[in-house]
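The values are calculated or read from the model by the stated rules, or taken from the named source; none is laboratory data. From a predicted model like this one, the values you see are computed outputs, not experimental measurements. When we count neighbours, we look across all protein chains shown, and the Cβ atoms used for this are built from the backbone with ideal geometry, even at glycine. Just so you know, the surface numbers come from the protein's heavy atoms only, side chains and all, with ligands and any DNA or RNA stripped out. Shrake-Rupley method; radii C 1.70, N 1.55, O 1.52, S 1.80 Å.
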Amino acid sequence: MSYFRFDEDGDRPSFELPGAKPHYNPDRPGQVQHVALDLVFYIKSRCFSGTCAITIKPIQAGLQTLTLNAVDLQISQVLCDEVAQPFDYDGETLQIQLLQPTSMTPFMVVIHYTVEHPQRGLYFVGPDEAYPNKPTQIWTQGEDEDSRYWFPCFDYPGQLATSEIRVRVPQPLIAISNGELITTEVSGTERIFHWRQSHIHPTYLMTLAVGDFAEITDEWHGLPVSYYVGKGQEQAARLSMGKTPRMMTFLSQKYGRPYAYPKYAQVCVADFIFGGMENTSTTLLTDRCLLDERAAIDNARTESLVVHELAHQWFGDLVVIKHWSHAWIKEGAASYSEVLWTEHEYGSEAGAYYMLQEARSYLNEDRSRYRRPMVTNVYREAIELYDRHIYEKGACVYHMIRGILGDTLYDKAIHQFVNDHAHKTVETVDLLRSIDKATGRNLAFLFDQYVFRGGHPDFKVSYSWDSDNKLAKVTVKQTQAKPEATGRDRHLFDLTVPLGFGDVQEGKPCIQDVHVRLNQPEQTFYFPLAKKPQFFSFDRGNFFLKTVQLDYPVTELKNQLRYDPDPIARIYAAIALGKKGNSAALKALEDALVSDRFWGVRVEVAKQLGKLKLDPALAALKRGLRDERAEVRRAVLNSLGKSKTEAAYTAIFTVAEQGDASYYTEAAALRNLGRLVTGRLKAKEPEVLELYAQVLEEREGWNEVIRGGVMAGLGQLKTSAQSVEMILNYTQLGVPQPLRLAAIRALGSVSTGQTPDQVELIAQELEAIAGESFFLTQVAATNALGQMQTPVAIEILNNLADQTPDGRVRRLAEEAVKRVQKNLGSDKTLKQLREELEQLKQDNQELKSRLLKLEAKE
């Protein structure tokens with residue numbers, strides 16, 4: 001059985017699972033100069049034959065053996081300078097015994113091989129009995145170490161070489177690869193495409209995509225910019241990727257170096273296992289990112305995906321990480337490009353709110369999954385490193401660098417880093433050195449605390465005003481630094497943080513800044529001021545990654561929510577007011593829901609009103625359903641879904657029945673209906689199920705977002721046998737993939753309140769699904785099984801972990817086992833106590849509502 005090792009504080013699983021070990025790049029026999037592939041595909045039989053020619057310049061003379069990565073290839077011959085060479089092959093490593101020891105002159109090794117039904121690296125997609133309309137495509141995915149599954153190579157990022165791919169495919173299919181298209185030949189019913197990448201890059205960025213694509217052409221400074229999509233999706237391509245040339249201009253300026261390659265292509269493929277992959281000059285994207293007009297209301301993160309993958313053309317492709325342990329450099333930068341683009345395109349408040357969501361995403365993983373250093377070479381497979389610690393926390397680190405340096409010096413440092421290391425490999429220390437070189441600033445203190453150690457500070461900030469002495473008193477506690485803790489994730493942070501004392505003059509905020517050094521478990525500061533500030537702001541600009549609790553008087557919180565120019569400061573004020581819960585706090589939140597200029601603040605205010613669960617808050621939320629922004633309406637629906645009242649049910653049912661301009665908002669209404677019809681609203685269940693059946697029958701749409709909302713709602717009807725039956729109807733092969741995945745996930749949720757017979761039926765279905773090979777299906781099954789409360793789920797998950805070829809699925813399955821074990825520890829007595837506590841909370845909320853009404857009358 002798989003198990004977790006726990007950190008010293010005993011409350012968080014360790015990142016390092018059994019079998020983890022230090023990983024290092026191998027010794028280099030020489031420098032790879034060029035990799036040339038010549039491939040012929042036999043699509044019906046899902047196999048291909050290939051020739052891989054690798055040119056190597058030895059580092060020293062006398063080289064007698066070469067060791068390459070090659071997994072599940074059928075190798076027929078190895079040649080060196082056209083002479084056959086003996087070799088040993090164990091299915092994972094190809095060891096070539098060179099008949100003649102090498103000189104210092106470059107030499108070429110040519111390997112002839114075939115591949116049948118590849119499991120990773122290269123994927124065949126095509127119609128089958130369940131999905132007869134699926135397009136015929138071939139695409140590759142090399143990161144992290146999967147190129148070895150489709151050609152022999154030195155499969156680690158430290159080797160950079162030029163490359164070319166010559167590929168034969170049947171007409172009318174076309175092939176797209178890195179670099180420039182050198183030639184296209186017609187040979188009977190086939191075509192031969194020859195692509196060459198003249199800039200050096202690592203093997204994991206070599207790519208190939210084959211399909212019957214429509215090509216939409218654009219240009220940037222005379223360079224071709226192409227969007228490849230399935231035929232009939234041309235309008236969606238423009239809608240989804242049309243900003244690419246503007247993004248190229250923006251990032252060229254932001255990174256201080258023009259886009260480096262002869263073309264930029266984006267290819268949207270079916271069944272892609274990631275959102276996107278930044279292959280050099282040729283990004284692959286999931287076709288699920290293609291928008292229609294209605295999906296564009298929510299943007300659906302497509303714009304962020306496009307700019308993220310484009311940013312990698314600088315961070316990752318032009319500047320290449322030397323080892324996977326430094327992947328945060330490129331993934332953090334690409335994630336931060338999403339923030340920078342949002343700020344550029346939609347304004348500073350939108351950028352700041354996007355940054356807050358990045359921080360929250362990391363904080364959630366840190367809290368609920370594990371904590372780790374951002375740079376570590378201890379893992380089982382490199383793909384395990386691709387988590388929120390390198391993406392979202394990586395973005396936070398770049399944001400902190402920007403906050404410390406200021407915009408001008410930050411840009412200068414990034415320009416220095418990119419230009420000094422173009423077409424080279426880097427480690428984390430190289431970024432530090434570039435910052436020092438460009439600005440004279442030593443940010444080792446920041447990297448030591450946030451990058452090389454795990455965690456972040458947890459601040460609790462108290463503020464008060466001494467009117468007699470005209471002193472502002474600020475107390476800051478680092479609550480992560482508990483006296484009894486000694487583990488590395490409970491250390492004190494040493495940071496210089498800006499504070500702001502705000503006044504309002506002629507309707508505009510005027511803020512006086514001071515800086516304090518925070519390096520103790522608790523520190524109190526006194527500031528003499530001419531008059532009492534109207535509001536106080538901790539960490540002005542909110543550049544530091546942290547959690548923060550504000551303990552201010554209600555008046556100051558109200559003023560901060562109303563006047564602070566920083567939307568994140570206003571959000572923190574709203575959260576603090578929500579915890580106060582009195583009539584003054586409620587009134588401030590009600591006003592902000594309709595008056596705050598930025599939609600992100602209104603979203604957060606709606607969340608706080610939902611937590612209050614009071615009658616006046618419910619009335620305010622209902623008004624929020626008229627907000628012009630879909631994000632706000634969605635947040636209002638989610639908050640109403642927690643209310644458990646007839647009025648909330650009526651409001652949500654109306655939206656679910658009538659629909660909304662936004663796919664996601666309509667889906668939120670449908671999902672929240674399932675949350676509501678429990679307890680005192682149980683009698684509404686038949687009405688909800690009838691609506692669900694109607695929606696499933698009539699409302700097909702983009703990426704099945706709306707019907708996916710129904711699945712999520714059905715998953716909340718945990719005692720309904722009918723809900724199980726409805727979900728099972730959509731877990732079958734042939735159901736549109738996004739809807740099927742939503743149904744699979746819903747099985748796990750609905751299982752927790754079902755009868756033993758129903759639980760057994762659900763487990764049997766999930767066991768069959770877990771046996772399928774498609775990555776996203778395995779992930780959905782793992783998610784569902786991890787929600788169950790039966791030992792059978794543990795057995796299925798262990799089998800999946802043992803059999804899957806994918807390291808991400810293996811880890812997810814092992815983590816899901818732990819969740820099921822935890823679920824099984826919750827006995828009936830504990831469940832009953834929780835139900836009784838929930839009832840007491842509801843009774844208390846009703847009393848508070850009555851009290852607030854009385855206060856309002858006084």
#### Entry: Lone unmet requirement of (1) modelled with pLDDT of 95 or more; (2) under 30 Å from the mean Cα position of the chain (by Cα) for ASP489
(1)
### Query
Quick one: what pairs do we get from the stretch 294-315, first residue free of Cβ contacts under 8 Å to residues at least 40 places away in the same chain and at negative phi, second open to solvent by less than 10 Å² (accessible area, probe 1.4 Å) and among the acidic types (Asp, Glu), C-beta under 6 Å, 6+ apart or different chains?
HIS312/GLU278
### Task
Scan the stretch 728-756 residue by residue and report those that are part of a helix (DSSP H, G or I) and under 24 Å from LYS822 (Cβ atoms).
ILE744, ARG745, ALA746, LEU747, GLY748, SER749, VAL750, SER751, THR752, GLY753, PRO756
### Message
I need every pair where a residue in the stretch 736-764 that is more than 13 Å from GLN778 (Cα to Cα) has its Cβ under 6 Å from the Cβ of a residue that is of a type in the set (Lys, Arg), sequence separation at least 6 or different chains.
### Response
LEU739/ARG707; VAL750/LYS718; THR752/LYS718; GLY753/LYS718
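Quick grid of which residues meet (1) within 24 Å of ILE176 (Cα to Cα); (2) in a strand (DSSP E or B); (3) open to solvent by less than 40 Å² (accessible area, probe 1.4 Å):
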position	(1), (2), (3)
VAL32	yes, yes, yes
ASP38	yes, yes, no
ALA53	yes, yes, yes
VAL78	no, yes, yes
GLY91	no, no, yes
LEU94	no, yes, yes
GLN100	no, no, no
### Query
Filtering the stretch 603-635 down to residues that are out of contact with any helix residue (DSSP H, G or I) (no Cβ under 6 Å at 6 or more places or on another chain) and not in a helix (DSSP H, G or I), which residue is surrounded by the most Cβ atoms within 10 Å (Cβ to Cβ)?
ARG626
### Message
Criterion first (hydroxyl-bearing (Ser, Thr, Tyr), out of contact with any Lys or Arg (no Cβ under 7 Å at 6 or more places or on another chain) and not in a helix (DSSP H, G or I)) does THR342 satisfy it?
### Response
no
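Restricting the stretch 622-680 to residues that are hydroxyl-bearing (Ser, Thr, Tyr) and at pLDDT below 95, which is nearest to the chain's Cα centre (by Cα)?
Restricting to residues being hydroxyl-bearing (Ser, Thr, Tyr) and at pLDDT below 95, the top hit is SER643.
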### Message
If GLY807 satisfies all but one of (1) at pLDDT 95 or above; (2) in contact with a helix residue (DSSP H, G or I) (Cβ under 7 Å, 6 or more places away or on another chain), what's the number of the condition it fails?
### Response
(1)
### Task
For the stretch 706-726, indicate whether the set of residues that are touching a residue at least 60 places away in the same chain (Cβ under 8 Å), among the polar types (S, T, N, Q) and open to solvent by 20 Å² or more (accessible area, probe 1.4 Å) is non-empty.
no
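List the strands (runs of 3 or more DSSP E) inside the stretch 206-276, counting only whole elements, that have at least 3 residues being hydrophobic (A, V, I, L, M, F, W, C) and touching a Ser or Thr at 6+ places or on another chain (Cβ under 8 Å).
Details: elements: 208-211, 213-220, 223-230, 264-269.
In the stretch 206-276, 264-269 are the strands (runs of 3 or more DSSP E) which contain 3 or more residues that are hydrophobic (A, V, I, L, M, F, W, C) and touching a Ser or Thr at 6+ places or on another chain (Cβ under 8 Å).
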### Query
Hey, any hits in the stretch 445-465 for a residue that's surrounded by 15 or more Cβ atoms within 10 Å (Cβ to Cβ), over 30 Å from ALA161 (Cβ atoms), of a type in the set (A, V, I, L, M) and under 26 Å from the mean Cα position of the chain (by Cα)?
yes
### Task
Consider ASP72 carefully, then state whether it is open to solvent by 30 Å² or more (accessible area, probe 1.4 Å) and part of a strand (DSSP E or B).
no
